[in-house]
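Working notes for the structure below.
The values are calculated or read from the model by the stated rules, or taken from the named source; none is laboratory data. This is a predicted model, so every value here is computed, not measured. In this analysis, Cβ positions are derived from the backbone assuming ideal geometry, glycine residues included, and neighbour counts consider all displayed protein chains.
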Amino acid sequence: MKNFSYQNPTQIEFGRGTIQSLSGLLPEDARVLLLYGGGSIKKNGVYDQVKTALAIPAPIVTEMSGIEPNPEYETCLKALDLIEEHNLNFILSVGGGSVLDAAKFIAAAAWARGNGTAMTEPWDLITGQAPIEGALPVGAVLTLPATGSEMNTNSVISRREIGQKIGFGSTHLYPRFSILDPETTFSLPLRQTANGIVDTFVHTTEQYLTQDVNTPIQDRWAEGILTTLIEVGPRCLKQPHAYQYRETLMWASTMALNGIIGVGTVQDWATHAIGHELTAMYGIDHGRTLAIVLPGLLSHEKQAKKDKLLMFARRVWGLSQGDETVLMDEAIGRMVLFFENLGVHTRLQEYHIPPSAPPLDECPGIIAEIFRKRGGKIGENQAIGPKEIEEILLSRL
Ligand code: NZQ
Ligand code: ZN
């Protein structure tokens, strides 16, 4: 096991009716920016629940809607202006991972502006050209289980004018609290539920399907999440109002990316890095890009990941027949079938490609070129460079 240091300060309020606890979780002097997305919270009653919970003791609240899926840098800048104008000191995210990621970036940028961090523009905090030395406190009411953002340090922001989507993180970005009421997820479209299941699955494999460095506890935790998703995911799609499935998926996604299953492990994250480029290029949902890339990446890296892929085959899929290559191929095949049965396609040609975007056959080369310019290699062994990325994507057309 690798040495590790782990501390997670986020308070979780989990279960039915927990939005009521909101006002007690806010600091007494909170002047709140209530941030949300395109309006799902107004349709499913979550907005009303939040407003009711905030009515006593009625902190100062300024609202901003319009955070888009794959949150946009320019939109976040508008929130920064609101914070300055109204002298706000707390950001409350109500929605999915995109709203929360936006809240985290806005929190870091507002702090940097207020404390004179040297930067040419807030984008520097995302690229790492300026350090994140603090952030306004953030709290969350989560309505979409997928990203784990509710209990982690990460955020992913897009800047469409330059075609970039970049993930970054800082311990300053842990939410102070996250309220997870599974009933808020009853209204999710099947597509978003399926995206969340796949995202959670791949967060787990990014930390599990690497090298065996003697992490048996973490491996069993990962297998627990994967086998639960395989069992409960399809049931939840069939019965979207079944609370027991919703609560299971919600806790699975938090546990998959709050750092706990990854302590002491060797981690990959190449599927995510390549997937972000597919979202930037074609606008494909995050979870779906992962379902496209992961089968290709695992097949390409079969030898480097052999021990863990065999563990995955035997313990997650219950396979025992055939030689090692057969077992690994069969495990990858079962995973593809699982994604497809959730309605998440695993090949690029099955997605809508906007007419203004590059044709599919050019995509592997273009994305490889982006990584070539960026320099360095990705994956747990830093072995996946432009050539490998092109090969992986060519195998997924
Ligand atoms: O905008 P509204 O109207 O709220 O609608 C949203 C949005 O259209 C809708 N939605 C959310 N909750 C709903 C609902 N509709 C009905 N009922 C509800 N209860 O769902 C749509 C998608 O929401 P979004 O927040 O974009 O989805 P998700 O939570 O999957 O977040 C995706 C973003 O998170 C990033 C992704 O790259 C992507 O930008 N990630 C963040 C990570 C992190 N912070 O740790 C890690 C992940 O790997 C991921 O990269
Ligand atoms: Zn993800």
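So the values come out like this:
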{"read-out": "Odd one out for H241 among (1) more than 30 Å from G365 (Cα to Cα); (2) within 15 Å of ligand 2 (Cβ to nearest atom); (3) surrounded by fewer than 20 Cβ atoms within 10 Å (Cβ to Cβ)", "value": "(2)"}
{"read-out": "L136 more than 27 Å from F371 (Cα to Cα), surrounded by fewer than 24 Cβ atoms within 10 Å (Cβ to Cβ) and in contact with a helix residue (DSSP H, G or I) (Cβ under 7 Å, 6 or more places away or on another chain)", "value": "yes"}
{"read-out": "Residues (in a helix (DSSP H, G or I) and of a type in the set (S, T, N, Q)) located in segment 6-54", "value": "T18, Q20, S21, S23, S40, Q49, T52"}
{"read-out": "Answer from E223, E231 - the residue that is surrounded by 15 or more Cβ atoms within 10 Å (Cβ to Cβ), more than 16 Å from ligand 2 (Cβ to nearest atom) and assigned to a helix (DSSP H, G or I)", "value": "E223"}
{"read-out": "Test for I162: is it out of contact with any helix residue (DSSP H, G or I) (no Cβ under 6 Å at 6 or more places or on another chain) and among the aliphatic types (A, V, I, L, M)", "value": "yes"}
{"read-out": "Any hit, segment 234-250, residues being assigned to a helix (DSSP H, G or I) and either under 15 Å from the mean Cα position of the chain (by Cα) or in the same structural domain as K165 (by TED's automatic domain parsing) (or both)", "value": "yes"}
{"read-out": "Odd one out for P295 among (1) within 29 Å of T184 (Cα to Cα); (2) away from ligand 1 (no atom under 16 Å from the Cβ); (3) not polar (S, T, N, Q)", "value": "(1)"}
{"read-out": "Close pairs from segment 53-72: first without any contact (Cβ under 8 Å) to a residue 60 or more places away in the chain, partner within 16 Å of ligand 2 (Cβ to nearest atom) and assigned to a strand (DSSP E or B), Cβ under 9 Å, at least 6 apart", "value": "E68/S158"}
{"read-out": "Residue that is farther than 24 Å from A30 by Cβ and more than 9 Å from ligand 1 (Cβ to nearest atom), where the choices are G163, G134", "value": "G163"}
{"read-out": "Among the candidates E133, E150, residue that is within 16 Å of ligand 2 (Cβ to nearest atom) and assigned by TED's automatic domain parsing to the domain that holds V99", "value": "E150"}
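Here is a yes/no grid of residues against (1) buried (at least 19 other Cβ atoms within 10 Å of the Cβ); (2) of a type in the set (A, V, I, L, M, F, W, C); (3) over 26 Å from Q20 (Cα atoms):
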| position | (1), (2), (3) |
| --- | --- |
| V50 | yes, yes, no |
| A55 | no, yes, no |
| I60 | no, yes, no |
| S65 | no, no, no |
| P69 | yes, no, yes |
| A79 | yes, yes, no |
| G95 | yes, no, no |
